[in-house]
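Accompanying notes for the structure given below.
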């Protein structure tokens with residue numbers, strides 16, 4: 001039997017009072033979740049999912065809290081999506097994608113698995129045209145930003161940005177790019193640079209950048225480029241030449257010296273990266289004579305632009321620091337290395353070694369050095385530099 005009110009209309013069944021109603025707040029039971037729209041703007045789609053802990057919270061107020069918790073969310077562009085481009089469950093659908101159902105299914109799976117302990121709303125990202133979700137992908141990632149801040153030359157920064165933004169690793173293409181693209185960009189920017197026409201200079205550049213000579217798709221790291229610009233000069237126009245390539249080309253020309261036994265063969269006093277221990281092993285070998293020397297990138301201070309002069313004196317090996325100043329050197333319009341050695345300052349590494357060989361006797365004033373002698377002489381170039389092949393125009397062989 002249906003009871004009627006005094007006015008004659010049927011009475012509605014009595015409902016239980018909801019805690020939200022008592023507080024004057026709308027109850028979530030009256031909300032049609034299928035019609036809840038996603039937060040959107042022109043270039044991103046952000047989906048906020050309610051957690052079970054918020055059953056009776058005011059939805060509008062809670063969405064505002066969610067937005068405050070995520071002021072700069074990660075996002076990907078979703079184009080061609082109409083205003084009402086949502087599914088029956090209220091989830092975004094990418095129009096024109098043949099895998100719409102698959103993408104939505106994966107979204108739901110990700111939404112269910114998202115943790116609700118750290119935030120009442122989970123912020124998710126949907127990639128258009130792809131079935132995978134990524135935390136973030138940027139052409140200017142954290143590593144790239146940090147390296148850009150560490151670079152001491154604005155011209156080098158700008159040059160790096162102008163190289164095609166691609167590399168052997170898709171996830172690192174901002175700070176690891178193809179060496180081939182790097183070299184092409186160099187030749188375009190400095191068409192009259194003599195060093196770029198020299199096979200020896202290109203080989204040396206590859207070795208310093210740790211590039212595999214035989215790999216056609218080798219990558220160049222921004223961190224390695226920073227290191228060699230600190231040591232040898234910037235990628236900057238100087239008298240219509242590239243300062244870095246000019247310094248490397250000059251190093252090859254002035255470091256090659258004739259050997260004692262065969263005057264037709266030349267060896268370079270520059271050996272690139274070499275540890276202190278390795279240098280001692282080379283110079284103290286039985287076939288190496290007294291007063292033989294080599295120049296290497298400092299194994300402990302190379303990142304600061306420092307080199308080391310290692311020389312044999314009788315049965316002992318001395319290591320003398322050649323101190324660099326990259327910040328000062330790279331900040332000047334005309335490149336000057338500002339290398340400090342034996343109480344003097346030099347504009348380039350070859351200038352240091354010319355002074356050493358002409359003066360011959362070099363005072364030892366380094367606190368780390370031990371031994372009875374107070375001076376050393378540099379008469380003979382180390383004949384087995386690992387860079388001899390590269391500097392003579394031949395690729396390095398193993």
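When a footprinting reagent is the concern and you count Cβ atoms within 10 Å, what order do 335, 355 take, fewest first? Before the final figure, lay out the partial values.
On the way: 335 20, 355 14.
With the sparsest Cβ surroundings first, the list reads 355, 335.
Could you list, bin by bin from short to long, the percent of Cα-Cα pairs of the stretch 250-359 in 5 Å steps? Distribution as computed: 2, 11, 20, 24, 21, 12, 6, 3, 1, 0 percent. The orientation-averaged projected area of the convex hull spanned by the Cα atoms of the stretch 142-247 comes to 6.1 nm². When only alpha carbons are used to place a centre, the stretch 324-338 and the stretch 280-304 end up 26 Å from one another. Counting beta carbons within 10 Å around each of 210, 239 and listing the fewest first gives the order 239, 210. Taking other C-beta atoms within 10 Å as the exposure proxy, 312, 161, 344, 227 rank 344, 161, 227, 312 from fewest upward.
For the pair residue 344 and residue 162, a Förster radius of 41 Å applied to the C-beta separation gives a FRET efficiency near 0.60, rounded to the nearest 0.05. Taking packing as the residue-averaged number of other Cβ atoms within 10 angstrom, the listed peptides 170-181, 242-253 run from highest to lowest as 242-253, 170-181.
Just so you know, all these numbers are worked out from the coordinates, no wet-lab data involved. Keep in mind that what you see is a predicted model, and the values were worked out from it rather than measured. Neighbour counts run over all protein chains shown; Cβ positions are idealised from the backbone, glycine included.
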